[in-house]
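Undergrad: What follows is a structure written as structure tokens; I'll ask about it next.
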Amino acid sequence: MGERLATLTDWRGDTLRRVRDLILEALPGVQENVKWAKATSPGVPVWEHAGILCTGETYARAVKLTFARGASLPDPAGLFNASLDGTTRRAIDLPEGAALDDAAFRDLIRAAAAANEQAQATQKGRRP
């Protein structure tokens, strides 16, 4: 993960590093990976706990944090501002200079981890 973040030397790297710090504060045991790397892409940072919590993609105009179970997560602070019409995922787009409610984001990460744990427990309960 560190190598991927080191390649981002502009505001997007700063934003993604800040998000990473918040995720690690919220969930110290979170697994970090870079997935889907190929010759034309260095890959996407992914945070996991009992499944994917969120991904951190970088685009020219925004850092996009996509939550795998976002549609089912409580979001009282209204952090989700993208992919709102999906039935499973939700995303937070952070353009340059955007503020992020740190406490609300940490709560969202914890809620995503709890949702993954619940889904995993439910799935295990269905197996013979």
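Every number here is computed from the coordinates shown, using simple stated rules; none is lab data. Every value quoted in this text rests on a predicted model; they were computed, and no experiment measured them. In this analysis, Cβ positions are derived from the backbone assuming ideal geometry, glycine residues included, and neighbour counts consider all displayed protein chains.
Undergrad: Using θ = phi - 60° and the Karplus curve 6.51 cos²θ - 1.76 cosθ + 1.60, what whole-Hz ³J(HN,Hα) does each residue of the stretch 62-79 get, with Gly and Pro shown as x?
TA: 6, 9, 10, 9, 9, 9, 4, 10, x, 5, 9, 8, x, 9, x, 7, x, 5
Undergrad: Hey, can you grab everything whose amide H is under 5 Å from the amide H of ARG90? Only 5+ residues off in sequence or another chain; H modelled, so Pro and N-termini drop out.
TA: HN-HN under 5 Å from ARG90: PHE67, GLY70, ALA71.
Undergrad: Determine ³J(HN,Hα), in whole Hz, for all residues of the stretch 106-118 in sequence, where each value follows from phi through the Karplus function 6.51 cos²θ - 1.76 cosθ + 1.60 and θ = phi - 60°; x replaces Gly and Pro.
TA: Computed from phi, the couplings for the stretch 106-118 are 4, 4, 5, 4, 5, 5, 5, 5, 5, 5, 5, 4, 5 Hz.
Undergrad: Rounded to the nearest 500 deg cm²/dmol, what is the calculated helix-only ellipticity per residue at 222 nm for the chain, with -39500 (n - 2.57) per DSSP H run of length n ≥ 4?
TA: -12000 deg cm²/dmol
Undergrad: Still on this structure, I have one more. In Å, the Kirkwood hydrodynamic radius of the chain over pairs of distinct alpha carbons? The partial results should precede the final answer.
TA: On the way: mean 1/r = 0.0663 Å⁻¹.
So the Kirkwood estimate lands at 15.1 Å.
Undergrad: Through the Karplus equation 6.51 cos²θ - 1.76 cosθ + 1.60, θ set to phi - 60°, convert the phi angles of the stretch 54-60 into ³J(HN,Hα) values in whole Hz; use x for Gly and Pro.
TA: So the Karplus estimates, Gly and Pro as x, are 7, 10, x, 9, 10, 10, 4 Hz.
Undergrad: Here's another thing I want to ask about it. Rank by packing, highest mean first: peptides 109-121, 24-36, with packing defined as the count of other Cβ atoms within 10 Å averaged across residues. Provide the component values of the computation, followed by the final result.
TA: Details: 109-121: 17.2, 24-36: 13.8.
In descending order of packing, they fall as 109-121, 24-36.
Undergrad: If packing is taken as the average count of other Cβ atoms within 10 Å, what order do 44-51, 78-85 fall into, highest mean first? If you can, show how the numbers build up before the last one.
TA: Details: 44-51: 19.5, 78-85: 14.4.
Order by mean packing, descending: 44-51, 78-85.
Undergrad: Got the relative contact order for the stretch 2-126 handy, in percent, Cα pairs under 8 Å and 6 or more residues apart?
TA: On the way: 183 pairs, mean separation 27.3, N = 125.
Worked out over the stretch 2-126, it gives 22 percent.
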